[in-house]
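This report refers to the structure that appears directly beneath it.
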Amino acid sequence: MKKTIWPILAATTWISISEFARNQFWLLTEWTEHYSKMGLRFPAEPTNGAVWGIWSLCLAIFIFILSKKYSLFQTALLAWFSGFVFMWLVIGNLAVLPIQILPYAIPLSFLEVLIATWIIKELSGNSATN
C-alpha cells in the first residue's frame with residue numbers, strides 16, 4: 001500500500017497545486033476575459049475545484065498505471081497526451097478554450113506531468129527499472 005497510495009496522493013497533490021497556480025494565478029486574466037467575451041463567468045467555485053481535484057487524482061492513477069510499464073519520459077508523454085491534449089481538443093471544440101494560453105499551458109502542463117511521473121516512479125520504487 002505504501003508504494004501505491006503514497007505515490008498517487010503525492011502526485012495528486014503536485015498536479016492540483018500546479019493546476020491551481022497555472023489557472024488561478026498565471027493565466028486567470030486570459031481565462032476570465034475569454035469567458036467574459038462569451039457572456040459567461042469563469043467557473044472558480046469550490047465545487048469546480050473539487051472536480052479538478054478528482055481529475056488530478058484520476059491523472060495520478062493513470063500515471064501510476066503507465067509507470068509500471070513505460071520509462072519516465074514515455075509515461076509522461078502518454079499521460080500528458082491523454083490528460084491534456086484530449087481535454088484541449090474537447091474544450092476547444094466547445095469554444096471555451098482561450099487559445100492564447102497554449103504557448104504557456106503546453107510546456108507547463110508537460111512539466112507538471114513529467115514531475116508527477118517522477119514523483120510516482122521515485123516513491124513507488126520503480127525508478128531504477130525504467
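The values are calculated or read from the model by the stated rules, or taken from the named source; none is laboratory data. Bear in mind the structure is a predicted one, so any value in this text is a computation, not a measurement. Here the Cβ positions follow ideal geometry from the backbone for every residue, glycine too, while neighbour counts run over all protein chains shown. When the accessible area is computed, the model is the full protein with side chains, heavy atoms only, and any ligands, DNA or RNA have been set aside. Shrake-Rupley method; radii C 1.70, N 1.55, O 1.52, S 1.80 Å.
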Karplus couplings for region 21-26 from phi (6.51 cos²θ - 1.76 cosθ + 1.60, θ = phi - 60°), rounded to Hz, Gly and Pro as x? 4, 5, 8, 9, 10, 5
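How much accessible area per residue does region 35-130 have, counting only protein heavy atoms and a probe of 1.4 Å, in square angstrom?
That works out to 57 Å² per residue.
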Say each of SER71 and TRP6 gets a label point 7 Å from the Cα, pointing the same way as Cα to Cβ; how far apart are those two points in nm? 2.8
Folded to 0 to 90 degrees: helix 28-37 orientation relative to the chain principal axis, Cα: 40
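Between PHE86 and ILE106, what length comes free when the chain is fully extended (0.36 nm per residue of separation minus the Cα-Cα distance, one decimal in nm)? Display every interim value, and only then the final one.
Values: separation 20, 0.36 × 20 = 7.20 nm, distance 1.24 nm.
Here the answer is 6.0 nm.
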Suppose each label sits 7 Å from its Cα in the direction of the beta carbon; what would the ALA21-ARG41 distance come out to in nanometres? 2.9
Taking the chain, the lysine pairs whose C-alpha atoms sit under 15 Å apart (8 or more places apart or on different chains) add up to 5
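Based on Cβ point charges of +1 for Lys and Arg and -1 for Asp and Glu, what charge dipole magnitude is obtained for the chain about its Cα centre, in debye rounded to the nearest 20? Don't jump to the answer; show the numbers that get you there.
Values: 8 positive and 6 negative charges, 84 e Å.
Using only the charged Cβ atoms, the result is roughly 400 debye.
Given contacts defined as C-alpha pairs under 8 Å and at least six residues apart, what's the relative contact order of region 12-127, whole-number percent? Let's see the in-between values first.
On the way: 82 pairs, mean separation 42.9, N = 116.
Relative CO of region 12-127 lands at 37 percent.
As an exercise, use a Förster radius of 25 Å and the Cβ-Cβ distance of ASN93 and ILE61 to find the FRET efficiency, rounded to the nearest 0.05.
Values: r = 26 Å, r/R0 = 1.03.
Calculated value: 0.45.
On the protein heavy atoms, probe 1.4 angstrom, tell me the percent of accessible surface of the chain carried by carbon and sulfur. Walk me through the numbers before you get to the answer.
Numbers: 5530 of 7630 Å².
Result for the chain: 72 percent of the exposed heavy-atom area is carbon or sulfur.
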HN-Hα J couplings of region 64-69 from phi, Karplus 6.51/-1.76/1.60, θ = phi - 60°, integer Hz, Gly and Pro as x? 4, 5, 5, 5, 6, 10
Computed over the chain: longest principal axis from alpha-carbon atoms vs helix 102-124 long axis, angle to nearest 10 degrees, is 30
